[in-house]
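Undergrad: Structure provided below as structure tokens; questions to follow.
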Amino acid sequence: MTNAPSLALRVTVLLTAAQIPAFVFAWIVMFVLGLANVGGFNASFDEMASVRVTALVDNSLARGEDGLGKIEPTRGLQLEMQRVPGLLFAVFDPVRMRPLAGSSPKLVSKLASLAEIRADHLHFTMGDDQWPGSSGHMMFRKTPIGLMQVALYGQKFRPEDIFFSLKNDLAWVSAYLIVGMLTTVGVAWIVVRRGLTPLRAIVGEVARIDMNSLRQRLPTSGVPVEIAPLVEGMNEALMRLDAGVERQRRFTANAAHELRTPLAIMRARLENAKASTLKSELLGEASQLRSIVEQMLVAARLTEGQTTLDQSIDLERSVRQIVSNFLPLAMDCNRFIDFESSGASMLVRGNQRAIDCVVTNLIDNALRAEPKDGTIVVRVDDDGIVAIIDHGEGVAPALREMVFEAFWRKTETTSGTGLGLAIAKEIMDAHGGRIWVEDTPGGGATFKIALTLSQ
């Protein structure tokens, strides 16, 4: 599964990016309100032209040989003056308090006294102009020849003025916009992360659910309404899954229970039959079937919680007894069993019957794998590990995980059901233990189980 981008990161980026179109939308709304003269808003299309025309005036400023500023209309300003005959412009030197050469005399005469006020930004009307709806403005600005007070009057709108006006306003508020974006990033990240806390808690609950805890349901209290349907859907799925698994477990337990009696009868009849090679083989097969059925029944009871896992078991004594029970069968099959241990009592925690089933299955498998006249070794170590060692074909490294899967067999002609090791692993998992396979020095397989020592 590829790592998807963080939801918190995506939401934060989207909220941050949304501020630019939001600013444009707000700008359009304010302009429309200005056109309608709603409240304190006042705007006109001709007012938009001031940005473009002011830039034309700025580009026309130069200093003469005497060092004084003057207006020398560029080609662009000249074309604008031809397009708008009523265009007036004037530039005032704030130091000398005088207009620059080239300023419109009419505009200078009207604004000469106002230039001394040093207004940062001033809107004005002239003559018969109606207010609101002024078409003149004067402001201080940095020009190619320094800080000047530039005044315009009578500019006329062109379609591209929308772009110039928006660009100018965006540049003017860029500092506020950047600060706002950074603030949004921080606040959105914190808020989204905190808002996802219930979802992370649910993820933790889901991670703890396994086949033995399907009855558990995800908490719905405090869950945001946006993800509540997801949680409810997962709870319904868990309910259906729990019901299905419960049916399978009941079927397995019932089947195992029903098989015990006919297997016991079959084994009793075989034991009373005349000695023969067929009898020995059938007894071996019956022993394996009985072992698997016992494991199925024990595993079903463990998963149903019908039996305890906190019994204190003398592992050395228990395994020794199982080996003793196998000796007659081993001799009938022309195999031998060696038992090795320190002889000291060793207590482990678990279920007696379940552990006996696992050891029985492993010894039975080892006897089948061991060549005739060979000897398997059953060893109990002081650290709670039981090893069952055979000298057969062994298990290739690539297959050491697969042998514990249900119904796995090396080949189609391999005897057995492919259930014994899978059930043994399920029982060991329920005990919090381990089961694994290693190579036997000189050839063969060594199956080991590890159990928790009693305190």
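The values are calculated or read from the model by the stated rules, or taken from the named source; none is laboratory data. Source: prediction; values computed, not measured. Cβ placement follows ideal geometry from the backbone for every residue including glycine, while neighbour counts extend to all protein chains displayed.
Undergrad: Is it true that some residue in the stretch 238-249 is out of contact with any Ser or Thr (no Cβ under 6 Å at 6 or more places or on another chain), outside any helix (DSSP H, G or I), modelled with pLDDT of 75 or more and on the phi < 0 side of the Ramachandran plot?
TA: Within the stretch 238-249 (the criterion being out of contact with any Ser or Thr (no Cβ under 6 Å at 6 or more places or on another chain), outside any helix (DSSP H, G or I), modelled with pLDDT of 75 or more and on the phi < 0 side of the Ramachandran plot), the answer is no, since none of the residues qualifies.
Undergrad: For the stretch 153-181, name all the residues that are more than 17 Å from Ile28 (Cβ to Cβ) and at pLDDT 80 or above.
TA: Initial filter on the stretch 153-181 (more than 17 Å from Ile28 (Cβ to Cβ)): 153-156, 158, 171, 174-176, 178-181.
Passing the criteria: Tyr153, Gly154, Gln155, Lys156, Arg158.
Undergrad: Then there's this: Please go through the stretch 326-345 and give me each residue that is more than 14 Å from Leu362 (Cα to Cα) and part of a helix (DSSP H, G or I), ordered by number.
TA: Across the stretch 326-345, the qualifying residues are Leu327, Pro328, Leu329, Met331, Asp332.
Undergrad: Sticking with this structure for a sec: When the stretch 414-441 is examined, which residues are found to be out of contact with any Pro (no Cβ under 9 Å at 6 or more places or on another chain), farther than 21 Å from Leu315 by Cβ and at pLDDT 90 or above?
TA: Matches in the stretch 414-441: Thr440, Pro441.
Undergrad: On to the next question. Would you pick out the residues in the stretch 1-46 that are modelled with pLDDT of 75 or more and assigned to a loop (DSSP other than H, G, I, E, B)?
TA: Ala18
Undergrad: When both residues are 6+ apart or on different chains and their Cβ atoms are under 6 Å apart, which pairs have a first residue that lies in the stretch 357-383 and is surrounded by fewer than 23 Cβ atoms within 10 Å (Cβ to Cβ), and a second that is among the aromatic types (Phe, Trp, Tyr) and part of a strand (DSSP E or B)?
TA: Listed pairs, sorted by first residue: Thr375/Phe336; Val378/Phe339.
Undergrad: Further, regarding this structure: Can you tell me which residues in the stretch 58-102 are without any contact (Cβ under 8 Å) to a residue 40 or more places away in the chain, in a loop (DSSP other than H, G, I, E, B) and under 16 Å from Leu147 (Cα atoms)?
TA: Gly67, Leu68, Val95, Arg96, Met97 - these are the residues of the stretch 58-102 that are without any contact (Cβ under 8 Å) to a residue 40 or more places away in the chain, in a loop (DSSP other than H, G, I, E, B) and under 16 Å from Leu147 (Cα atoms).
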